[in-house]
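Okay, so here's the structure we're looking at.
The values are calculated or read from the model by the stated rules, or taken from the named source; none is laboratory data. Just so you know, these numbers come straight off a predicted model, no measurement behind them. Cβ coordinates were reconstructed from backbone atoms using ideal geometry, including for glycine residues, and neighbour counts include every protein chain displayed.
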Amino acid sequence: MSPEIQAFTNAILIALAHGAISLALLAAGAVLYAFLTPHKEITQIRDGNSAAALSFGGVLVALALPLALSLTASASALEILLWGVMTVVVQLLVFRLIDMLFAGLPQRVAEGEVSAAALLVSAKLASAMVLAAAVAG
């Protein structure tokens, strides 16, 4: 086997393992978020609430951003796991703070108001970008 193929084979296995760790952290963060929110967005999404779907989709992207940057800032699976857990915990705390700062908006999302969901998603994405830059920097 050529050295290039050998290097690729080793690198792809490591990349897949690192990606799997990050995806597992993303799923865990999403489950924790769904469990911790007072308005059960998953149930609302199943009931056809577009605002809840927008809000939860924004949460997924906002959780993924710092996780993606932690992949680039980490050299080992353990480091990815440590940074990933930290970013998920911080993001969940920031999400809670945003919901408190924008009091009333989560209830409006539960009532199907898309404009409230868009504002919450924007705030959560902005916080995710800042956290992602902190991790990468």
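Here are some notes:
- Within segment 24-40, being without any contact (Cβ under 8 Å) to a residue 40 or more places away in the chain and assigned to a helix (DSSP H, G or I) holds for ALA24, ALA27, ALA30, VAL31, ALA34, PHE35.
- Filtered residues of segment 35-67 (kept if of a type in the set (A, V, I, L, M, F, W, C) and more than 15 Å from VAL121 (Cα to Cα)): PHE35, LEU36, ILE42, ILE45, LEU67
- Condition check for PHE95: touching a Lys or Arg at 6+ places or on another chain (Cβ under 7 Å) and crowded, with 17+ Cβ neighbours inside 10 Å: yes
- Residue within segment 31-54 that is touching a Leu at 6+ places or on another chain (Cβ under 9 Å), hydroxyl-bearing (Ser, Thr, Tyr) and surrounded by fewer than 20 Cβ atoms within 10 Å (Cβ to Cβ) present: no
- Taking the criterion of being within 22 Å of SER76 (Cα to Cα), exposed (fewer than 10 other Cβ atoms within 10 Å of the Cβ) and not acidic (Asp, Glu), the only residue of segment 1-15 that qualifies is ILE5.
- Top-ranked residue of segment 84-137 - restricted to ones that are among the charged types (D, E, K, R) and modelled with pLDDT of 90 or more, ranked as nearest to ALA62 (Cα to Cα): LYS124
- Residue in segment 44-57 that is touching a Phe, Trp or Tyr at 6+ places or on another chain (Cβ under 6 Å) and not in a helix (DSSP H, G or I) present: no
- Within this structure, GLY104 fails the test of being surrounded by fewer than 19 Cβ atoms within 10 Å (Cβ to Cβ), on the phi > 0 side of the Ramachandran plot and in contact (Cβ under 8 Å) with a residue 24 or more places away in the chain.
- Per the listing ALA64, ALA34, ALA68, the residue uniquely aliphatic (A, V, I, L, M), at pLDDT 95 or above and under 17 Å from the mean Cα position of the chain (by Cα) is ALA64.
- Any hit, segment 75-84, residues being surrounded by 13 or more Cβ atoms within 10 Å (Cβ to Cβ) and under 13 Å from TYR33 (Cβ atoms): no
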